[in-house]
Amino acid sequence: MTNFPLQDVNAYSSLTKIVTLFAGVIAVIVLLAIPLGYGLIAYRYEAEALQSEANLVADKVSEIIYANPALWSFQEHRLVGALLQHSGHKDIHDARIIDMKGKSIARLPAKLAKPTFSFTIDLTDGKDRVGKVVIQKSLRPLLLNTIIAGALGVVLSLAIYLALKILPLRALTRVLAKLEESRETLRTEINAKEAALRTAENLGLAMRHQALHDALTNLPNRVLLYDRLQQAILLCLREKQTFSLIMVDLDRFKNINDTLGHHIGDLVLQKIAQRVPNVLRSSDTVARLGGDEFAILLKGISTHPQAVLTAEKILEAIRQPINSEHRALHVNASLGIVLFPEHGTDPSHLMRCADIAMYSAKRAKAGFAFYDADQDLQNTKQMVLQNDLYEAIVDSKQLILYYQPKIDLRAKQICGVEALIRWRHPQEGLIFPDDFIPAAEQSGLIRALTTKVLQLALQESSEWQRKELSMPLAINISGENLQDPTFPSQVAEALTAHAVPPSLLEMEITESALMQDPVCAIKAIQTLREMGVLISIDDFGTGYSSLAYLKKLAVSQIKVDKSFVMDMIENDNDAIIVRSTIDLAHNLGLRVVAEGAESEEVLRQLIAFGCDIAQGYYVSPPLPIGQFCEWLQNSEYRALRLT
């Protein structure tokens, strides 16, 4: 039998018993019905035949009796003849006529095998019974035939039993086999669908995880953070609890990507993502919002001291050196902190406030800062200014250059000019660099702005050459430009496009810009110097560690910051700093430009100190191109006696 499941085997066994019982019952019925039926029918037939024969004999004998009532019993030969005449059976039987005393009057004798059966009919003379006709026959032939019929019944019942048992069971087996085959097919389909459902479920979980987590760091992303922030707000409003939200932005992370490659930048982000959660609780959420920006949701932080302590832990974890390719990278960050509900109860508002606080910390280089509503207003203005600045860079009419001359104190003549950017804002009027350069640096527009200034300055320098007026034109560049590996090639292309010799272009770089990434700065400066571009260190004395790099930098001159020059007449310390700087530069073979020459006394003092070049309002304020050209034509400065 085919192997079926246990429940099918039990059902099959039950059905087998029922079929077997049914087949047995039918077989028994057939077994009994055939011999019994045959015997009863045959016996009835024989009995009726004997009765008929007895009736005929009785009728004949009755005629004899009626004919001679007194002497009939003595007419044996006639009585025997009556017996012989009406014996219609071929089978052996015994027939007798007896009187009322039981005496045999006439007989057809026969030897009968037992058992036998007989039939008797009374004889009358019309009034009284005078005798009997008895006909007897053996039952053995009938019994033998009945036995034969029984044997046939056994064979037939056995056949019926087998037929009724085997055929249904075979059919049942086939049905069960097909049922099991269908069940197996269904089971296979169900398993396949279950596997597909599990795969879909796993895929759904994976897609949900991917949708809610950052692929690089596996931290929650902005969507999941926003959801948890909403849940935290609802919980804290209901339970009257508090929490803190900290926005984290890595300082100068773009420099790492630009100089070391994005794979190193990714490594830094992964390390930060591992370290920060280790100094926090498991209930806190650390999320990566994108780029180098992270956000941290701190439950239960309700006071400024608690938030400060946590911020210091985060900064300490971030500032740990990161080893990469046999070098140690030092990363810093700026954190913006907001408290719930002190700074708001809306998720978007809290994130915006934390972002504003973070930029405040970045500008102040303070490490972290709490949200300040006054700073918010300033930041809003800065944001508007950034958007307007982008349009101004595209619109060439809004950004213009002012020009301030530089005077050679020995030759007592103009030896160069510095181009200073101004923004002619459609609504705000003329905006000076100090008001929009920070916005350009924060928004990443400083590179595009520097490129714009370079194009405008070289365009004007080209015009001067056509007028046979050649003098070096200086522009200011930022640290972002020095970290851009394509910047020197951009400068070379611009010089070629405007047909300006590199010796007529001077680039002024502040100490702070140099120190953002000294390695990149030195490389960029060397490339520019090899092209023939002049390099000056601007605002010298206001930065840090500059003396250690002066000997490595291919610069031609330094500019003493005006904060020392303007007050050196009244302040002896400033005078000492200016004189020492001039002596140091000369000993290094560098020329010195003094900014902030605002009076004749300052100018004479610079000459006494041996300064090479002066620049300031006493000579000329920064002027738009038309006024500057007029100043060049009408200036009597060359005749001014500086003794």
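The values are calculated or read from the model by the stated rules, or taken from the named source; none is laboratory data. Remember, it's a predicted structure, so these values are computed and weren't measured experimentally. As a convention, Cβ positions derive from the backbone with ideal geometry for all residues, glycine included, and neighbour counts pool all protein chains shown. The accessibility values were calculated without ligands, DNA or RNA, using every heavy atom of the protein model including side chains. Shrake-Rupley method; radii C 1.70, N 1.55, O 1.52, S 1.80 Å.
Quick notes on this one:
Table: residues versus (1) small (Gly, Ala, Ser); (2) in contact with a Phe, Trp or Tyr (Cβ under 7 Å, 6 or more places away or on another chain); (3) over 24 Å from ASP372 (Cα atoms); (4) in contact (Cβ under 8 Å) with a residue 24 or more places away in the chain.
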| residue | (1), (2), (3), (4) |
| --- | --- |
| PHE253 | no, no, yes, yes |
| ASN257 | no, no, yes, no |
| HIS263 | no, no, yes, no |
| GLN270 | no, no, yes, yes |
| LEU298 | no, yes, no, yes |
| GLN306 | no, no, no, yes |
| PHE340 | no, yes, no, yes |
| GLY344 | yes, no, no, no |
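- Among the residues of this structure, THR173 does not count as one that is out of contact with any Cys (no Cβ under 7 Å at 6 or more places or on another chain), surrounded by fewer than 14 Cβ atoms within 10 Å (Cβ to Cβ) and at negative phi.
- Any hit, the range 185-206, residues being at pLDDT below 85, surrounded by 12 or more Cβ atoms within 10 Å (Cβ to Cβ) and not hydrophobic (A, V, I, L, M, F, W, C): no
- Breaking point among (1) modelled with pLDDT of 85 or more; (2) in a loop (DSSP other than H, G, I, E, B), for THR542: (1)
- Residues in the range 227-246 that are farther than 19 Å from LEU280 by Cβ and in contact (Cβ under 8 Å) with a residue 40 or more places away in the chain were compared, and the one that is most open to solvent (accessible area, probe 1.4 Å) is LEU237.
- Selection status of ASP284, modelled with pLDDT of 90 or more, in contact with a helix residue (DSSP H, G or I) (Cβ under 6 Å, 6 or more places away or on another chain) and open to solvent by less than 40 Å² (accessible area, probe 1.4 Å): no
- Qualifying residue in the range 253-265 (condition: open to solvent by 10 Å² or more (accessible area, probe 1.4 Å) and at pLDDT 90 or above): no
- Top-ranked residue of the range 606-621 - restricted to ones that are of a type in the set (A, V, I, L, M, F, W, C) and part of a loop (DSSP other than H, G, I, E, B), ranked as surrounded by the most Cβ atoms within 10 Å (Cβ to Cβ): CYS611
- Within the range 592-605, the residues that satisfy the criterion of being part of a loop (DSSP other than H, G, I, E, B) and either open to solvent by less than 30 Å² (accessible area, probe 1.4 Å) or not polar (S, T, N, Q) (or both) are GLY596, ALA597, GLU598.
- Criterion applied to ALA369, ALA333, ALA357 was being under 15 Å from ILE318 (Cα atoms), crowded, with 20+ Cβ neighbours inside 10 Å and in contact (Cβ under 8 Å) with a residue 12 or more places away in the chain, and the one residue passing it is ALA333.
- Selection status of ASP91, open to solvent by 30 Å² or more (accessible area, probe 1.4 Å), at pLDDT below 80 and closer than 27 Å to ILE34 by Cβ: yes
- Criterion (at pLDDT 85 or above and surrounded by 12 or more Cβ atoms within 10 Å (Cβ to Cβ)) met by exactly one of LEU164, LEU216, LEU156, LEU139: LEU216
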